[in-house]
Amino acid sequence: MTRTELDELIGQGESVRLEFKRSLSSAHRIARTLTAFANTAGGTLLIGVADDGRIVGVPSELREMRKIEEATDQFVEPPLEISYETLAPDGRRVLVIHVAESAEKPHFAVDEAGKRTIYVRAKDKSMPTSRLIITPGSPGAPNVQTPTVRTLIQYLRRNEDITADKYARLINVSEYRAGKQLRQLAEQGLLLLLNKQRPVRYALKLAE
């Protein structure tokens, strides 16, 4: 990756596929981000970049990579493979961690108490869910040209998630019918199920 490519990437801002970290606080915490990328659509983690996009650099590449390796080897189940590269624009070192969408998902992040949780990316956040809906093929791909699905996508581009109740009011149908359609769209790969909260919420798998 060149300096220009790094600047262009930072200019996109944090998203489903991109997250900035000044530094890593713990292997447990970064395991959540890594699993969320792997469970959703893949992504890139920039270490040494502030939330506002400023390049601040990391004092020790070795220390940060030890936390990454600890996370991938000990606190992600099944273990996760990542690739990385180092850039030093203006002498400030930035670690670029690449995580591909995994063929072995779901991956679980393991916390300090040993609890295993699935994380997915919803916009620029790593969110917990108790179930990851795997979509093995495209035969059931959703028709995104229907008015109701277009309305849903437009809403989720502006908002982090939606409930069946909100969707029902948005498209003027019963909550039962709205919930059924949301579940179908999750099974078809358009939406992510976020069911750690009540009521159950859904987010776009890709926010582009």
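Overview of values
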| item | result |
| --- | --- |
| Residues of segment 1-17 that turn out to be within 26 Å of L191 (Cβ to Cβ), open to solvent by 60 Å² or more (accessible area, probe 1.4 Å) and either part of a helix (DSSP H, G or I) or of a type in the set (S, T, N, Q) (or both), as a count | 1 |
| Qualifying residue in segment 25-36 (condition: assigned to a loop (DSSP other than H, G, I, E, B) and free of Cβ contacts under 8 Å to residues at least 60 places away in the same chain) | yes |
| Matching entry among E64, E101 (being in contact (Cβ under 8 Å) with a residue 24 or more places away in the chain and surrounded by 14 or more Cβ atoms within 10 Å (Cβ to Cβ)) | E64 |
| Total residues in segment 111-137, condition open to solvent by less than 50 Å² (accessible area, probe 1.4 Å) and under 15 Å from the mean Cα position of the chain (by Cα) | 13 |
| Selection status of G91, out of contact with any Ser or Thr (no Cβ under 7 Å at 6 or more places or on another chain) and open to solvent by less than 50 Å² (accessible area, probe 1.4 Å) | no |
| Meets criteria (surrounded by fewer than 17 Cβ atoms within 10 Å (Cβ to Cβ), modelled with pLDDT of 90 or more and either under 17 Å from the mean Cα position of the chain (by Cα) or β-branched (V, I, T) (or both)) for V144 | no |
| Residue in segment 94-110 that is under 14 Å from the mean Cα position of the chain (by Cα) and of a type in the set (S, T, Y) present | yes |
| Any hit, segment 9-17, residues being within 21 Å of K205 (Cα to Cα) and of a type in the set (S, T, Y) | yes |
| Those residues of segment 1-33 which are within 24 Å of D161 (Cα to Cα) and aliphatic (A, V, I, L, M), in sequence order | V16, L18, I30, A31 |
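The values are calculated or read from the model by the stated rules, or taken from the named source; none is laboratory data. Keep in mind the model is a prediction, meaning the values are calculated, not measured. Using ideal geometry, Cβ is built from the backbone for each residue, glycine included, and neighbour counts are taken over all protein chains shown. Heads up: the accessible areas ignore ligands, DNA and RNA and are worked out on the full protein's heavy atoms, side chains in. Shrake-Rupley method; radii C 1.70, N 1.55, O 1.52, S 1.80 Å.
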